[in-house]
Amino acid sequence: MTVIGILLQTNLPIPSIDLGIGAAESPADVAVTLQILFLLTILTLAPAILILMTSFTRSVIVLSFIRNALATNQMPPNQVIIGLALFLTFFVMAPVFGTVYEDAIVPFVDGELEAEAALETGLEPIREFMFTHTRERDLEMLIGARGGEPPDARDDVDTLTLIPAFVISELKTAFQLGFVIFVPFLVIDMIVASTLMAMGMMMLPPVMISLPFKILLFVLVDGWHLVVRSLLMSYF
């Protein structure tokens, strides 16, 4: 006998779910609704917050540069690169997240801070991290684009201006590291291409010959260790 048949014989009630929109009976109902809407918005923007306000951008770009320099197509796969970048982000941001948890989340859960105060307190360590790795030139450019006056202190810079300046600075640093990664592999490609041309083997793709040499060089110098070490040293 099937499961559906058993349920029908035992006359078990089948639950139903109703979704609807009704009029609010008090201002408190409106406030709760707005809080739920705000929470859903934050959850929707959580991936963007993780990517743009942490070290994830620099890590994933540098790791992608390695794969492009080696010309190994999809090796390592995207899942591995993104996963490694994510855990490197957790490692780099652990002190910042720890401060946010101790200074904002715990007092808010214990009822010692209101939601707005907890948000401001929790945002301060993240802002300090972004300020540390943001170039003044990028920050001045964005402030000037809005027609604002140069701030006298860091507290005068709003977060919506700080985030894009931080992202631009992270992109510049990531591309600098990527250029350094590309140089030795470019030399190998040039040597292999020149050798094949001198031997008259113009129809043989140089990438096919240079790929094993690039992988061998990367393994001999312990490339993953050097790249990850360089990434961590750029933050600590």
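The values are calculated or read from the model by the stated rules, or taken from the named source; none is laboratory data. All of these numbers come straight from a predicted model, not from anything done at the bench. Heads up, the Cβs are rebuilt from the backbone with ideal geometry, glycines too, and the neighbour counts pull from every protein chain shown. SASA here: full protein model, heavy atoms, side chains in, ligands and nucleic acids out. Shrake-Rupley method; radii C 1.70, N 1.55, O 1.52, S 1.80 Å.
Would you check if there is a residue in the stretch 188-209 being open to solvent by 30 Å² or more (accessible area, probe 1.4 Å) and under 31 Å from the mean Cα position of the chain (by Cα)? The answer is no, given that none of the residues of the stretch 188-209 is open to solvent by 30 Å² or more (accessible area, probe 1.4 Å) and under 31 Å from the mean Cα position of the chain (by Cα). Which is of a type in the set (Lys, Arg), surrounded by 14 or more Cβ atoms within 10 Å (Cβ to Cβ) and without any contact (Cβ under 8 Å) to a residue 40 or more places away in the chain, of 135, 146? Result: 135 is the single residue among 135, 146 that is of a type in the set (Lys, Arg), surrounded by 14 or more Cβ atoms within 10 Å (Cβ to Cβ) and without any contact (Cβ under 8 Å) to a residue 40 or more places away in the chain. Selection of helices (runs of 4 or more DSSP H) fully inside the stretch 1-95 by the criterion of at least 2 residues being modelled with pLDDT under 80 returns 3-10, 27-52.
Checking the conditions here, which among 172, 214 is open to solvent by 50 Å² or more (accessible area, probe 1.4 Å) and in contact (Cβ under 8 Å) with a residue 12 or more places away in the chain? It would help to see each step written out before you state the result.
Values: 214 fails: open to solvent by 50 Å² or more (accessible area, probe 1.4 Å).
Unique residue meeting the criteria: 172.
For residues that are in a helix (DSSP H, G or I) and open to solvent by 50 Å² or more (accessible area, probe 1.4 Å), tally how many sit in the stretch 110-120. Lay out the reasoning, then the answer.
So in the stretch 110-120, the residues in a helix (DSSP H, G or I) come out as 115-120.
Retained after the next criterion (residues that are open to solvent by 50 Å² or more (accessible area, probe 1.4 Å)): 115-116, 119-120.
Here the count works out to 4.
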